[in-house]
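Quick one: structure below, then a few questions.
The values are calculated or read from the model by the stated rules, or taken from the named source; none is laboratory data. Keep in mind that what you see is a predicted model, and the values were worked out from it rather than measured. Cβ: placed from backbone, ideal geometry, glycine included. Neighbour counts: every protein chain shown.
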Amino acid sequence: MSVHVSTLQARISGESTASSPLSTEEYFVNMGPQHPSTHGVLRLVLRLDGETVREVVPVLGYIHRGIEKMGEHGNYRQFVHLVDRMDYLSALANNWAVTMVVEKAAKMETNDRIQAIRTLVCELQRIQSHQLWWGVFGMDLGAFTPFFYGLRDREQICDIFEKTIGARLTMNYIQPGGVMYDIHPDFVKDVKAFLTYFKSKMPEYDALMTENVIIQERLRGIGKLSAERAIALGATGPVLRASGVAHDLRKSEPYGLYSQVDFDVPVGTTGDCWDRYWVRMEEMRQSVRIVEQLIDNIPEGKTFLVKPAAKIKVPAGVHYSHVETARGVLGVLLVSNGKDAPYRIHCRTPNFNNLWCIGEMATGGRIGDLVATLSSIDIVVPDIDR
Amino acid sequence: MGVITDNLPGVLEPLPGGSVLVTAVDQLINWSRSNSLWPLTFGTSCCAIEMMMATGAARHDMARFGAEVARPSPRQADLLVIAGTIVKRMAPRLRTLYEQMAEPRYVMATGSCAICGGPFMYHSYTTIRGADEIIPVDVYVPGCPPRPEAFFYGLLTLQKMIREGESIRHPGERRRPVLAALPEGMTLDDIRKEMQDLLSHDANVNMTEAAAEGAHYSAELKDF
């Protein structure tokens, strides 16, 4: 961290780069770590000229818990519950990322029922995560009603998860060798009831925010990110797709049952805040489509193929696997020395790369647009710091 | 509040019936304090989402308990809900936030991380093992993360504590109601009996069994 601080100090003490005769003296504003719009304990140092943002530098580490290092102290099964706490809004996808790399490396078998359940719960959680983002995004723009609407509908999915999984947020459900429990007898009925309910509520979302002239005027043309810069910065997920790059691991490298279902990858054109908003709204509809296709066709079979207490041994070497969470690509790199505990684990988290696009998006814009831009990236801070 | 708490008891107490009045004023102040808690919007990780569900979602609706006015500035808030892990880098900032809040201030530690470090208790090189190492905590709400209902139970316990707690005669001293967090129907005698049973059970140790158990563990550790 000391390197980072010294560059900050150099910037603060450095000469002003203001060149226009109308520009004023530059100054610095510290945003966070205690700030309602940074969604956690993120700190941004802003270099401002009047109301124009000249530079945004994120400062990290306020929730760094050393999850990667902790992974070396337990076995593979014990690492799964730690990744729940990274991106807690995509806990199931995080579980799946670790599970996938362990299963691939140890050559463990799964069956179609396990893959169908995993795909279903991950898509349900994608809807849940986008609902929360939608509510909080509305609140950051100054509208309070979306917050109530989004959380009201999110509770329905929480109920479904509670019945099957037993938890509302940190699931620890998808494990190497299967899923922890079989689905609840009411699962299919509940999901169908939710889909009917949610499809009737989507027009309400649209009437409130999407078709709202104030929201459209507020979001169009701010926080632009070009496709070239998005790829160069390593952005993934809705942030990349809003810039016009149709990259989705569910399509390009299908895992689970994604190759058997029919869905579209929504893509934006200009990469501004409005495109990011629109891409997420469209993704919710696509997730509903995926769930609809799978919910009637869950195959029969076992849901856990190994003994829960069995030790998993991964062959020595470097293994990598990645999944598409609600925020982008989560990759897990595993270095194994052949024992039952990992030698080194590294997580390539989507939020870290997406956050660093804020410099590209906000520079040159107004400070009033900064919160809208930051909120449109949809960051989860513990996933950045790990 | 300063004028009232500093001067009022001295003026009232010598009067006939004055002490009764002081107690009545005590109760009035505590009652109003307990029903108008202003929480600070502070959350570091997962528990913050469940707290958002508790405040925002219509199903839970914290406004029922008079605590829905969440303030982003610590100077306007009097309830600090520590929702999430506190790491070494955040610890001084948390202390600053607590110091900036106006008296009387109350602290709730929600979630295992804020209580003892939770899942990050072992092998983590940054986590603070419990927020009470930095600031005094009034109520602990266990869970990882606690459900909104558990959060409300903690809030009700805190309200009970405030109502029964501080008095003008002894400002700053908080009496913690022991029975506040007990399930319904449980009495102090039940707890005493349970404690005695536990003690008698723990006092009788079978040394051979304990030694065998220890050997088993050490063998497992060596293997690990």
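Looking at (1) within 12 Å of chain A (Cβ to nearest Cβ); (2) surrounded by fewer than 19 Cβ atoms within 10 Å (Cβ to Cβ), which is the only condition B:GLY118 fails?
Here B:GLY118 clears every test but (2).
Right, here's the next one. Could you tell me whether B:SER73 is closer than 27 Å to A:ASN172 by Cα and among the polar types (S, T, N, Q)?
On the way: closer than 27 Å to A:ASN172 by Cα: no; among the polar types (S, T, N, Q): yes.
When the stated conditions are applied, B:SER73 does not pass them.
It is to be established whether one or more residues within region A:102-109 are in a helix (DSSP H, G or I) and in contact with a helix residue (DSSP H, G or I) (Cβ under 6 Å, 6 or more places away or on another chain).
Step one: of region A:102-109, the residues in a helix (DSSP H, G or I) are A:102-106.
Checking the rest, the ones that are also in contact with a helix residue (DSSP H, G or I) (Cβ under 6 Å, 6 or more places away or on another chain) come to A:102.
Among the residues of region A:102-109, at least one is in a helix (DSSP H, G or I) and in contact with a helix residue (DSSP H, G or I) (Cβ under 6 Å, 6 or more places away or on another chain), which makes the answer yes.
Also, quick follow-up: Just checking, which of A:THR110, A:THR170 is within 30 Å of A:ASN337 (Cβ to Cβ), at pLDDT below 90 and within 14 Å of chain B (Cβ to nearest Cβ)? I'd like the intermediate steps shown before the answer.
On the way: A:THR110 fails: within 14 Å of chain B (Cβ to nearest Cβ).
Testing whether each residue is within 30 Å of A:ASN337 (Cβ to Cβ), at pLDDT below 90 and within 14 Å of chain B (Cβ to nearest Cβ) leaves just A:THR170.
Considering each residue of region A:326-366, count those that are among the acidic types (Asp, Glu) and either in a strand (DSSP E or B) or surrounded by 19 or more Cβ atoms within 10 Å (Cβ to Cβ) (or both), and give that number. Lay out the reasoning, then the answer.
Initial filter on region A:326-366 (among the acidic types (Asp, Glu)): A:340, A:360.
Still in the list and also either in a strand (DSSP E or B) or surrounded by 19 or more Cβ atoms within 10 Å (Cβ to Cβ) (or both): A:360.
Within region A:326-366, residues that are among the acidic types (Asp, Glu) and either in a strand (DSSP E or B) or surrounded by 19 or more Cβ atoms within 10 Å (Cβ to Cβ) (or both) number 1.
Scan region B:2-19 and give yes if some residue there is touching an Asp or Glu at 6+ places or on another chain (Cβ under 9 Å) and touching a residue at least 12 places away in the same chain (Cβ under 8 Å), otherwise no.
No, that holds for no residue.
Return yes or no: is B:THR126 among the polar types (S, T, N, Q), within 10 Å of chain A (Cβ to nearest Cβ) and farther than 24 Å from B:MET52 by Cβ?
yes
At least 3 residues that are within 14 Å of chain A (Cβ to nearest Cβ) in each: list the helices (runs of 4 or more DSSP H) lying fully within region B:1-90 that qualify. Give the steps one after another, and end with the answer.
Working: elements: B:2-12, B:18-34, B:46-56.
So the answer is B:46-56.
Sticking with this structure for a sec: Only one of B:ARG95, B:ARG64 is out of contact with any Lys or Arg (no Cβ under 7 Å at 6 or more places or on another chain) and either within 24 Å of B:ALA131 (Cβ to Cβ) or at pLDDT 90 or above (or both); which?
Working: B:ARG64 fails: either within 24 Å of B:ALA131 (Cβ to Cβ) or at pLDDT 90 or above (or both).
Selected residue: B:ARG95, the only one of B:ARG95, B:ARG64 that is out of contact with any Lys or Arg (no Cβ under 7 Å at 6 or more places or on another chain) and either within 24 Å of B:ALA131 (Cβ to Cβ) or at pLDDT 90 or above (or both).
Which of the numbered conditions does B:PHE152 fail, given that it passes all the others? Conditions: (1) under 20 Å from B:ALA48 (Cβ atoms); (2) away from chain A (no Cβ under 14 Å); (3) out of contact with any strand residue (DSSP E or B) (no Cβ under 9 Å at 6 or more places or on another chain); (4) assigned to a loop (DSSP other than H, G, I, E, B).
Condition not satisfied by B:PHE152: (4).
Looking at region B:33-51, can you tell me whether even one residue there is free of Cβ contacts under 8 Å to residues at least 60 places away in the same chain and more than 18 Å from the chain's Cα centre (by Cα)?
For region B:33-51, residues free of Cβ contacts under 8 Å to residues at least 60 places away in the same chain and more than 18 Å from the chain's Cα centre (by Cα): absent.
Show the residue pairs meeting these rules: Cβ distance below 9 Å; 6+ apart or different chains; first residue within region A:102-117 and over 22 Å from A:PHE161 (Cβ atoms); second residue assigned to a helix (DSSP H, G or I) and of a type in the set (Lys, Arg).
Close Cβ pairs satisfying both conditions: A:VAL102/A:ARG77.
Another question, then. Looking only at helices (runs of 4 or more DSSP H) that lie completely in region A:235-323, which have at least 2 residues being at pLDDT 90 or above and β-branched (Val, Ile, Thr)? Full working, then the answer.
Working: elements: A:238-242, A:249-252, A:273-295.
The qualifying helices (runs of 4 or more DSSP H) are A:273-295.
One residue is enough: does region A:286-296 have a residue meeting the conditions without any contact (Cβ under 8 Å) to a residue 60 or more places away in the chain, buried (at least 16 other Cβ atoms within 10 Å of the Cβ), under 18 Å from the mean Cα position of the chain (by Cα) and in the same structural domain as A:VAL380 (by TED's automatic domain parsing)?
yes
While we're on this one: Does region A:142-157 hold any residues that are surrounded by 21 or more Cβ atoms within 10 Å (Cβ to Cβ) and either of a type in the set (A, V, I, L, M, F, W, C) or assigned to a loop (DSSP other than H, G, I, E, B) (or both), and which are they?
The answer is A:PHE147, A:LEU151, A:ILE157.
One line per residue, one yes/no per condition, for (1) aromatic (Phe, Trp, Tyr); (2) more than 7 Å from chain B (Cβ to nearest Cβ); (3) part of a loop (DSSP other than H, G, I, E, B); (4) over 18 Å from A:VAL380 (Cβ atoms):
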residue	(1), (2), (3), (4)
A:GLN34	no, no, yes, no
A:SER37	no, yes, yes, no
A:GLY40	no, no, yes, no
A:VAL45	no, yes, no, yes
A:VAL53	no, yes, no, yes
A:GLU68	no, yes, no, no
A:PHE79	yes, yes, no, yes
A:LEU82	no, no, no, no
A:SER90	no, yes, no, no
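Let me ask another. List the residue pairs whose Cβ atoms are under 8 Å apart, where the first residue sits in region A:221-236 and is in the same structural domain as A:ARG366 (by TED's automatic domain parsing), the second is aromatic (Phe, Trp, Tyr) and in a loop (DSSP other than H, G, I, E, B), and the two are 6 or more positions apart or on different chains.
As it stands, the answer is A:LEU233/A:TRP356; A:GLY234/A:TRP356, since those pairs meet every condition given.
Using the structure shown, decide if A:LEU60 is at pLDDT 85 or above, under 17 Å from the mean Cα position of the chain (by Cα), within 15 Å of B:MET90 (Cα to Cα) and within 11 Å of chain B (Cβ to nearest Cβ).
Working: at pLDDT 85 or above: yes; under 17 Å from the mean Cα position of the chain (by Cα): no; within 15 Å of B:MET90 (Cα to Cα): yes; within 11 Å of chain B (Cβ to nearest Cβ): yes.
For A:LEU60, the condition - at pLDDT 85 or above, under 17 Å from the mean Cα position of the chain (by Cα), within 15 Å of B:MET90 (Cα to Cα) and within 11 Å of chain B (Cβ to nearest Cβ) - is not met.
I would also like to ask the following. Filter region B:91-115 down to residues that are within 11 Å of another protein chain (Cβ to nearest Cβ) and buried (at least 19 other Cβ atoms within 10 Å of the Cβ), then give me how many there are.
At the first step, the residues of region B:91-115 found to be within 11 Å of another protein chain (Cβ to nearest Cβ) are B:91-94, B:96-97, B:100, B:111-113.
This time we only want the ones that are buried (at least 19 other Cβ atoms within 10 Å of the Cβ), so: B:94, B:97, B:111-113.
Total meeting the criteria: 5.
Quick one: how many residues across region A:315-341 are under 22 Å from the mean Cα position of the chain (by Cα) and within 14 Å of another protein chain (Cβ to nearest Cβ)?
Matching residues across region A:315-341 total 1.
Is one or more of the residues making up region A:185-196 within 14 Å of chain B (Cβ to nearest Cβ) and either among the aromatic types (Phe, Trp, Tyr) or at positive phi (or both)? Don't jump to the end; show me each part of the working.
The initial filter retains those residues of region A:185-196 that are within 14 Å of chain B (Cβ to nearest Cβ), namely none.
Scanning region A:185-196 turns up no residue that is within 14 Å of chain B (Cβ to nearest Cβ) and either among the aromatic types (Phe, Trp, Tyr) or at positive phi (or both).
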